[in-house]
Each structure stands twice: as structure tokens, then as C-alpha cells.
Amino acid sequence: MNRAEEPTFVDTAHDGGSPEGPSTHAFLRACRREPTSFTPVWLMRQAGRYLPEYRRVRERMSFLELCRNSAAAAQVTVDTVRRLGVDAAIVFADILLPFIPMGVGLSFEKGEGPHVERPIRNAGDVDALPAVDVEESLSFVARTIALVRADLAGAVPVIGFAGAPFTVAAYAIEGGSSRNFVATKSMMYRDPQTWHRLMEYVASLTSAYLNLQIDAGADAVQLFDSWVGCLSPDDYRQFVLPYTRQVVGALGSRVPVLYFGTMTGSLLELIRETGADVIGLDWRVDLDRAWSSLGNDIAVQGNLDPIKLFGDASDIRKSVRDILARANGRPGHIFNLGHGILPGTPVDNVLALIDAVHEFGAK
Ligand code: CP3
């Protein structure tokens with residue numbers, strides 16, 4: 001679907017803000033390292049179980065039903081943006097949705113996270129993976145993006161996303177969340193050929209999936225490589241970097257690309273080579289030092305510890321000041337957490353955080 005074909009659904013019950021409003025494109029300007037009048041902020045997992053409104057929606061439908069119901073997913077996305085006053089919307093979806101057309105048997109068990117019924121463990125499993133037509137099988141995500149765009153009417157940009165090849169492959173191999181990634185690394189070390197074939201498959205699916213989201217109107221896309229920090233620099237270079245680069249390259253600079261990982265302090269110089277425009281940082285690094293090691297010609301996103309939001313508001317304000325001081329007004333800083341918001345986070349503290357960024361980040 002191209003932009004001209006977007007549905008004209010506009011929710012007149014809400015004021016989406018003026019397309020030329022002051023907060024309109026600070027996020028996109030920061031992605032491009034252009035000066036902004038304030039530091040833009042959004043939060044990973046900003047729509048989620050910490051929000052009572054979200055929990056109410058989830059009483060009516062399962063997580064996967066919600067993801068597949070574009071109208072409901074768009075509503076959750078937009079309601080969250082209006083509730084929090086953040087400077088970007090991230091489409092409500094999940095990095096594991098491509099597992100549905102891959103046919104590996106994805107489910108989310110209550111309180112236990114994702115579960116893959118038929119994990120990918122060997123060459124035969126990779127051979128059996130189907131050719132996926134993302135336009136046919138994941139069109140509901142494209143529809144959600146188009147609805148969010150129409151509803152927001154330019155008030156804030158819309159971020160599309162996907163898992164980066166390593167993190168998606170790791171979930172497919174482990175069959176769920178993992179602490180040490182033993183099955184993943186075992187495939188890498190014992191059967192590198194199968195590993196490379198799996199990464200090639202995931203990279204090409206991910207490229208098509210993100211291009212579909214951009215076609216639908218995503219103003220930027222983020223690749224989540226949540227667990228890539230478990231790798232040594234050599235393993236990252238050899239087993240992961242070529243595929244992350246392949247995905248970034250396949251998007252052809254159509255929109256800014258953000259690349260997020262955790263525990264990546266020792267990988268930053270390699271991560272630069274992905275070609276992404278914005279690099280996510282977690283709280284285990286000082287933002288100024290990490291930015292220096294990346295170089296000034298790249299934007300950064302981060303990096304408050306999400307657990308800080310369980311502390312009190314004055315401490316949150318102090319941490320915000322500290323992070324902004326480290327960014328030092330340099331163009332190209334997007335404020336975010338160093339990882340997603342956790343269930344149980346007090347909503348008032350989330351609001352205090354966003355206020356503090358807007359207050360102290362005004363230039
Ligand atoms: O608001 C947003 O940021 C958009 C929505 C979003 C979700 N997942 C919704 C979700 C985004 C950007 C993600 C990304 C995602 N999904 C990541 C990368 C970010 C990270 O935290 O590292 C990962 C690793 C996943 C995979 C995943 N999805 C896990 C491990 C889980 C279970 C853990 C958990 O938080 O419940 C999910 C489920 C999930 N994805 C929920 C939400 C709102 C909770 C499901 C529920 O409603 O019960």
C-alpha cells in the first residue's frame with residue numbers, strides 16, 4: 001500500500017494536534033542530527049501492562065488477537081501517545097509476529113512470555129521454513145500503521161519495528177526467552193553453515209517486513225537486537241553484523257533506522273558499521289563516553305535504567321538532568337529508556353519522566 005492509498009479514517013473525538021505543531025518532527029530531526037528546540041522522548045514498550053488502560057483492553061482479547069486486530073492495535077498505540085505526551089508513536093505489534101507465517105507455532109503463555117512450539121534446531125528445520133509473503137501474512141501490521149498515521153494526523157511521527165536478525169533467530173532457536181543462549185551459540189559454533197542460512201532467511205524476511213511498514217507510512221523504523229550483548233565482538237562481526245547490515249541496506253535510506261541492543265558497550269564500534277542512523281544505548285554505559293566511541297556523526301537514543309522509574313520522582317528528575325548533561329545539547333539525542341518499561345512501573349513516574357525531559361531538554 002502506498003501513502004496515497006491510506007484509509008482516511010480520522011478519529012474526530014481526539015485532537016491529534018496540528019501537523020506543524022512544535023513537537024511534530026523533533027524526533028525525526030534528531031534522527032538526522034538536526035538541531036531541535038527540545039529533546040524528543042518516547043519509551044520502549046510505552047504501551048503495555050503497566051498501563052491500566054492497556055490491561056482493560058487485554059481483558060477482552062489475547063495479546064496475539066490484539067496485535068492482529070489493526071483497529072484495536074492502532075487505538076492502543078494512539079491512546080498511549082495521548083496519555084503520555086511522548087514525541088513518537090511506536091506501532092503496537094511484536095518482534096515475534098513473523099513466527100506466525102514461519103509456522104513455528106508461536107504463543108504467549110500468561111506470565112511466561114513467548115513460546116515456540118517447534119524451535120529451529122538443525123539444517124532440516126531451516127530447510128523446512130516456508131517462503132513468506134509478508135504483504136499477505138503480515139498486512140495487519142501495515143494496516144495498523146496506516147490507521148495510526150491517519151488518526152495522529154501528523155501530530156507525532158510513527159515508528160515501525162522488527163527484531164534484528166540475531167534476536168529473532170535466538171528466539172526461534174531457543175523456543176522462548178533464554179539466559180545463556182546455549183542452543184543459539186551451539187548452532188553458531190557447531191553448524192555455522194546452518195546458522196548462516198537461518199540468518200539469511202531471517203534477514204530477508206525482516207527486510208521485506210520493514211519495507212512493508214515503510215510503505216504503509218512508518219516515518220522511522222527500529223531494529224530491536226535486545227540480546228545481542230551476549231556475544232563477543234568477534235562473534236558479532238562474523239555471525240551477526242553482515243545480516244544486520246543487509247537489513248539496513250535493504251531499506252535504502254527511505255527513513256531513519258534506529259538500532260537498539262543491550263549490554264553492547266564492547267560492541268559499539270562494530271555496531272556503527274550496521275549503517276543505522278541512530279544507536280540505542282542502555283544504562284550500563286555513560287551516554288557521553290558511548291557517544292564518543294561511536295563518533296559524532298551518528299545519533300544516539302537512551303539511556304535511563306527502566307528500574308529508575310520504580311524510584312521517586314525527584315530521583316528520576318535528577319537522572320534525567322544527568323543524561324541530558326551528558327548529551328550536552330548536541331544535535332542527535334533522542335531520550336529513551338535503556339530497555340523497555342516493565343510491568344508494575346508507576347504511571348505517575350512515567351509522566352514525571354516525560355515532563356522532566358521536556359522541561360530540562362528545552363533549548
Ligand atoms: O509500546 C511498544 O513499545 C510497542 C509494542 C512492543 C511490544 N513488544 C508489545 C508487547 C514492542 C516494541 C515489543 C518489542 C519486543 N517484543 C521485544 C524487544 C524489546 C525488548 O523488550 O527487549 C522483545 C524481546 C519482544 C518479545 C516479547 N514479547 C517478549 C519477551 C514478551 C513477553 C514479556 C512481556 O513483557 O510480557 C512479549 C509480549 C509483549 N509484547 C507484551 C507487549 C505489550 C505483553 C503481552 C501481554 O499483554 O500480556
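Over all other residues within a Cβ to Cβ distance under 14 Å of LEU106, the charged ones net out to -4, with Lys and Arg as +1 and Asp and Glu as -1. When the Cα convex hull of the stretch 43-107 is projected onto planes of every orientation, the mean area is 4.5 nm².
Loop-located trypsin sites (Lys or Arg not before Pro) in the stretch 160-266 (DSSP state not H, G, I, E or B) with no more than 11 neighbouring Cβ atoms inside 10 Å: ARG179. A straight chain from ASN180 to LEU351 at 0.36 nm per residue would run longer than the Cα-Cα distance by 58.1 nm. Straight-line reach from LYS363: taking Cα to Cα under 21 Å and skipping same-chain neighbours fewer than 8 places apart, the lysines in range are LYS318.
The ellipsoid equivalent to the alpha-carbon distribution of the stretch 84-179 has semi-axes of 29, 16, 11 angstrom, derived from the gyration tensor eigenvalues as √(5λ) and listed largest first.
If Lys and Arg each add +1 and Asp and Glu each add -1, what is the summed charge of the other residues whose beta carbon sits under 13 Å from the beta carbon of ALA327?
+3
Other residues within the sphere of radius under 15 Å centred on the Cβ of VAL240, judged by their own Cβ, net out at -1 (K and R +1, D and E -1).
Multiplying each eigenvalue of the alpha-carbon gyration tensor of the stretch 182-262 by 5 and taking the square root yields semi-axes of 25, 14, 10 Å, largest first, rounded to whole angstroms. Projected over all directions and averaged, the alpha-carbon convex hull of the stretch 314-355 occupies 3.3 nm². With only Cα atoms counted, the chain has Rg and Dmax values of 19.4, 57 Å. For the chain, the 222 nm mean residue ellipticity estimated from helices alone, with every DSSP H stretch of n ≥ 4 adding -39500 (n - 2.57) and the total spread over all residues, rounds to -12500 deg cm²/dmol. What the Cα convex hull of the stretch 26-150 gives, in volume per residue, is 147 Å³. Here, the stretch 249-298 has an Rg and a Dmax of 10.9, 32 Å when only alpha carbons are counted.
Every Cα-Cα pair of the stretch 213-363 was included, and the share exceeding 24 Å stands at 35 percent.
Using the Cβ-Cβ distance between ALA362 and ASP286 with R0 set to 25 Å, the FRET efficiency from 1/(1 + (r/R0)^6) comes to roughly 0.65. With the whole protein complex present, SER37 retains an accessible surface near 80 Å², based on a 1.4 Å probe.
The values are calculated or read from the model by the stated rules, or taken from the named source; none is laboratory data. Remember, it's a predicted structure, so these values are computed and weren't measured experimentally. FYI the Cβ positions are ideal-geometry reconstructions off the backbone, even for glycines, and counts take in every protein chain you see. Areas reflect the complete protein model, heavy atoms only, side chains present, ligands, DNA and RNA absent. Shrake-Rupley method; radii C 1.70, N 1.55, O 1.52, S 1.80 Å.
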